[in-house]
Each structure stands twice: as structure tokens, then as C-alpha cells.
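Engineer: Pasting a structure here, questions to come.
The values are calculated or read from the model by the stated rules, or taken from the named source; none is laboratory data. All of these numbers come straight from a predicted model, not from anything done at the bench. Using ideal geometry, Cβ is built from the backbone for each residue, glycine included, and neighbour counts are taken over all protein chains shown. Heavy atoms of the whole protein, side chains included, go into the accessibility calculation; ligands, DNA and RNA do not. Shrake-Rupley method; radii C 1.70, N 1.55, O 1.52, S 1.80 Å.
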Amino acid sequence: MNIPAFFVSTLLVFSFLLSACNSKTISSGTGRNLNKVFDDRYNLNFKQSPSASGLILIEGGSFTQGLVENNIMNEWNYKPTQQHVMSFFMDETEVTNLMYLEYITWLEKVFPSSNPIYKLIHEGALPDTLVWKSPLGYFDELTLTYFRHPAYADYPVVGVNWLQAVQYAEWRTDRINESILIDEGYLNEDLNDQPVSERAFNTSAFLKAPEALFDSENDSLLAPFTDVDIDNPLDLLPRLESGLFKPTFRLPTESEWEYAALGKTRKKTNTSRLGKTKFPWASQRHNQKSPRLMANFKLREGNYGSGPGKVTDRDIITNKVKSYPPNDYGLYDMQGNVAEWVLDIYRPIVDNEESDLNYYRGNNFQKEVIGPDGKIQLVSLDRFRVDTLPNGRPIVQSLPGEIEYANFDDAETFMRTNIDNPSPIAHNDGDVESSIFYRYGEEIQYYDADPMYNSPRHIQITLDQDGELIREYDPSNYRTTLISNQSRVYKGGSWKDRAYWLDPAKRRLLPQYLSTNYIGFRCAMSQIGQNSKSRSIFRRNSR
């Protein structure tokens, strides 16, 4: 019998695909069946995971960081450096009031502020609405309504300091992964509807210490435990090898933020002007018949909304996200609306001589704390710590149910060529001879073990016998800089800034514990696995 060639070719292709799929389960090292080796716990058919809700892939590449169109102060701050950024995801908009209110509502449900133990958890996460107060301006309605009123639901959240932004990103990671486990049937839906404050879901704790997070014998929150005859029901839970879990949300690094803000052009275009208004964004064309501004910023003194003629940005303070066209990546408001926190500790110069790949200053290497029983220790109700910031506001270091961490010690850094300091924030700041403390032939007195910067000491806050706060200020009149290891970078112009600050390369600093009515933030997530979209590097020219 003659079989048509079409069916023969189809059969061959199917056989090839089947053998290719089967080959993934066979070890190329030992020839063993990997499904049996790993007891089906390792995802041998893992595909590149898509981003989480609201994220856009920014494909990595090289660019010149710190290249500004004008530097009227001739600062070192904008010394151009060549950097390479790995692929990452970024929020298409700034975090809005509604997004942040979801976080506050969850905290209130799980750690109710009516309980005195939890009161400071709630207070430490709330935005500071008093940032709208002004000695020479009436903004009382904004103080009362901006964060919670539905009229401002889609406006960027402000009054959030750097520490609060970081904690929001951590919370968002846990809620995303928790939802994935519920959808996959590993956790019961009830987990979202009841206070489980002593063991609130935490991704790291779930992966590394599930026996401490859940009661394996009788836990109604764990779906797989129902009617299962197994010695250790926790063995049913997915691990990191399953590929289910999303990478952590975080703030973008300064290099990532600037790279994303520039768009796909990788370079600045010539400054375009309409009247006397500068448009610093790239790859955007303006409708000359009906000219309008394409970012929310302050045009000139006493003019927050409109320019000559019909040119207007239509806004006085912040505006809804997505009110203006996105850049080439699809990111909204990378210039204007609010400036944004980034992850980095501030230093005047970006040092690319040692690191020009994913540059970031601010690492703090930590490890899990092992308890007396030899197991990873979780933060308990009687061990979670609330710190008082220099401005008097509380901040929780870690929530109950999270893993306790400690800095690396000599055992982790011993004979390593890549790590010699668990907190290398001041790494390569400069040699001793160039520091402000250097006196030839004299003994050098270091300030806070940091010889480069003598910023004012942070206010020391203590409680007296009556529980009242005592603030101890730095009495020295000989400080020469505001730079410290608590100074964080923020990028992009805001509704309150002139066009000069809209340039993506511009950078400013603010202590990490302070908040304003013009700084918000957006989250980022590292791209794991393949660094770029599927494409052949051996693409040939058919011409």
C-alpha cells in the first residue's frame, strides 16, 4: 500500500518531537530517568515564565548612563559611564493609591491595629498624608482625601518613603505567589479571608521552612492534606524546582530605571521646543495642529498646568496614571507626574571601572538564622522588631512568619574573591588620602567607619521614663555633606519640577526615611533564565 508523502513526513515530525520530549527526561550524564531521580518534583518541561500582572519586559542591552543634555552645574553627578543591563520586568505605571491601599487593607485584616501588638505594623506602612501640608498654601482637602478617596484611586501614591516602598514590593511578591498556590490547589482559598497573623504566608518561609510555617498534622489551610495517607504531607508541597514561583518584586536599580526611561532608542534625540517648553523624551511626535505637553511637570514659576496658547499638560498636581502616551517600551510617566525611588545608595560618581554589568550600590548580604533546634528560625509574635526612624515614625523590620536573617560572617566571606564585606555599601568609595579625614602623618579618625562622607549623624531617639520621645540632634557645625549610607537615589521629574529634571539621567538624593508629595515608586522584577526573547543569533541574510 502506498502511503502519501504528506503522512510520512507528518509521522516523522511527530516521532522526532516525541523523541525530543522524551530526551529531556533522560539524564545526559548518567542515562537515568530524571523523573524517577527527582520523584517528579523537578519541572523538566519548564518554559520561560511570563511576567506578573502589570509588568512589561525590558530587554537588556548597553547604554551610556549619566549622559545629560545639559549640565549647568558641571557636576560629577552626571559623569557618563558605559553600562550593560540584564533583562528585567518593570511596572507599566507607578504604584497607585488603590494598589497601595490593597496592601494597607491586607495588613489591617491579618494584623488588626485594634490589637496593641500589631498597631505599629499598621502605622509603619501608612503613607504620610501630611506631606501635602504647606505653610503658605491651602491643601487640607488633599491631606484628607488624596490617599483613600476613590477620586484619586488611579493616582500615584505619594508620602511613601524608600523603606515603605521596599516592604510593599516584598508583600507583593508573597501575594502573587500565594495566589499561584491557591490557583494550583496547594492552598485553600480561606487563606485570604482570615487573620493568620502568626503564620502569614511568606514565599521564602514556604520554600525553606514549611514545617515552621504550617502545622503538617492538622492544617485546614493546606489543600493537599485532606484525606491523604502519607507520612509527611509537607512532601506534597511544591518547591523551587517546580518553577511555579515568581521572582521577587523590588525597586528597580538606578541603571535599570534610566535604561527603561530612555526607551528603545538608547540615545537622546535633539531637544525639541514648542514655544519655550522643552520636551526631553525620545521617539514621540507632536501633533502640531493641536499642540500639547506629553508629561506632567511645572512649566514655570506660578504655572503648573498650562503654557502659551493651547499648550497645556492639563494637570496642577499629580494626575491619573496612563494620562500621557507611554515611551517605546510601553512605560507610562517615566518623565513627570511623580519622581520615583530606585534601589541604589547615593554616591556622586557611578564607578564603572570595576563594574559595568548590572551596576548597583547598596548590597547587604545576609543568611538565614538557624535556631537551637538546627532549623531555620521564623520571626515570632514576641520577636518581631519595630524600629523608630529619625523622624519619629515606626518601621517594622520583618513581619511574623518571615524568616529571620543576619549578616554574613567570616565563614561566608572566608577566601572568597567576590565578597569580602557583608555590607559593601562604601565599596571602592575612594582611597584614604582623598578623604576629608586625611591628615598627613596623623592618625585618622573615621566617622562611622566611612572615611569619605561626614554627613550629620542621624537624630537619636530614645524614650524617657514617661514614654515620651527624646530627640538628640547632631551638635556639630563642621559637616560638609548630606551624603550618608541612608541616602537613596530618586529619578525622574515630577509635577513639582521644571523640565530640567525630566531628563532620565538626572539624579537626586533623599534620606531613605523621608517622604514627600512628589516622590512615588514602581516595582521591577528580574528576568530569570533566557535574557532575551526567542531569536536566532545565526540569522542569515537571504539576500
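Engineer: Please go through the stretch 503-528 and give me each residue that is at pLDDT 90 or above, open to solvent by less than 10 Å² (accessible area, probe 1.4 Å) and out of contact with any helix residue (DSSP H, G or I) (no Cβ under 8 Å at 6 or more places or on another chain), ordered by number.
Structural biologist: Selection gives Ile519, Gly520, Arg522, Met525.
Engineer: Now, a different point. Just checking, how many residues over the stretch 461-480 are within 18 Å of Arg393 (Cβ to Cβ) and in contact (Cβ under 8 Å) with a residue 40 or more places away in the chain?
Structural biologist: Qualifying residue count for the region: 3.
Engineer: Next question. Are any residues in the stretch 418-436 out of contact with any helix residue (DSSP H, G or I) (no Cβ under 6 Å at 6 or more places or on another chain) and modelled with pLDDT under 85, and if so, which ones? Show your work before the answer.
Structural biologist: Step one: filter the stretch 418-436 for residues out of contact with any helix residue (DSSP H, G or I) (no Cβ under 6 Å at 6 or more places or on another chain), giving 418, 421-436.
Result: Asn421, Ala426, His427, Asn428, Asp429, Gly430, Asp431, Val432, Glu433, Ser434, Ser435, Ile436.
Engineer: Confirm whether Met334 is within 30 Å of Leu57 (Cα to Cα) and either at pLDDT below 65 or open to solvent by less than 20 Å² (accessible area, probe 1.4 Å) (or both). Break it down into steps so the answer makes sense when it comes.
Structural biologist: Working: within 30 Å of Leu57 (Cα to Cα): yes; either at pLDDT below 65 or open to solvent by less than 20 Å² (accessible area, probe 1.4 Å) (or both): yes.
So Met334 fits the description; yes.
Engineer: Hey, could you check the stretch 120-140 for residues that are open to solvent by 30 Å² or more (accessible area, probe 1.4 Å) and touching a Phe, Trp or Tyr at 6+ places or on another chain (Cβ under 9 Å) and say which is farthest from Asn319 (Cα to Cα)?
Structural biologist: Checking each candidate, the answer is Leu126.
Engineer: Counting just the residues of the stretch 337-368 that are at pLDDT below 90 and β-branched (Val, Ile, Thr), which one comes out surrounded by the most Cβ atoms within 10 Å (Cβ to Cβ)?
Structural biologist: Ranking the qualifying residues of the stretch 337-368, first place goes to Val350.
Engineer: Now, a different point. Counting only residues that are of a type in the set (Ser, Thr, Tyr) and over 30 Å from Asp183 (Cα atoms), which one in the stretch 237-265 is surrounded by the fewest Cβ atoms within 10 Å (Cβ to Cβ)? Break it down stepwise before answering.
Structural biologist: Quick first cut of the stretch 237-265, residues of a type in the set (Ser, Thr, Tyr) only: 242, 248, 253, 255, 259, 265.
Checking the rest, the ones that are also over 30 Å from Asp183 (Cα atoms) come to 253, 255, 259, 265.
Values: Thr253: 21, Ser255: 27, Tyr259: 25, Thr265: 13.
Step by step, filter the stretch 237-265, then rank; the result is Thr265.
Conditions tested, residue by residue: (1) among the polar types (S, T, N, Q); (2) in a loop (DSSP other than H, G, I, E, B).
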{"site": "Thr318", "(1), (2)": "yes, yes"}
{"site": "Tyr324", "(1), (2)": "no, yes"}
{"site": "Asn327", "(1), (2)": "yes, yes"}
{"site": "Trp341", "(1), (2)": "no, no"}
{"site": "Asp344", "(1), (2)": "no, no"}
{"site": "Asp351", "(1), (2)": "no, yes"}
{"site": "Asn363", "(1), (2)": "yes, yes"}
{"site": "Asp373", "(1), (2)": "no, yes"}
{"site": "Ser380", "(1), (2)": "yes, yes"}
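Engineer: Being part of a helix (DSSP H, G or I), touching a residue at least 12 places away in the same chain (Cβ under 8 Å) and open to solvent by 50 Å² or more (accessible area, probe 1.4 Å): is that true of Leu101 here?
Structural biologist: no
Engineer: Of everything in the stretch 67-95, what is open to solvent by 10 Å² or more (accessible area, probe 1.4 Å) and within 19 Å of Asn296 (Cβ to Cβ)? Give them in sequence order.
Structural biologist: Glu92, Thr93 - these are the residues of the stretch 67-95 that are open to solvent by 10 Å² or more (accessible area, probe 1.4 Å) and within 19 Å of Asn296 (Cβ to Cβ).
Engineer: Now a separate question. Out of the residues in the stretch 472-496 that are basic (Lys, Arg) and modelled with pLDDT under 95, which is nearest to Ser515 (Cα to Cα)?
Structural biologist: The residue in question is Lys496.
Engineer: Right, something else. Taking the stretch 144-172 as the search range and keeping residues that are open to solvent by less than 10 Å² (accessible area, probe 1.4 Å) and in a helix (DSSP H, G or I), which one is nearest to Ala339 (Cα to Cα)?
Structural biologist: Ala165
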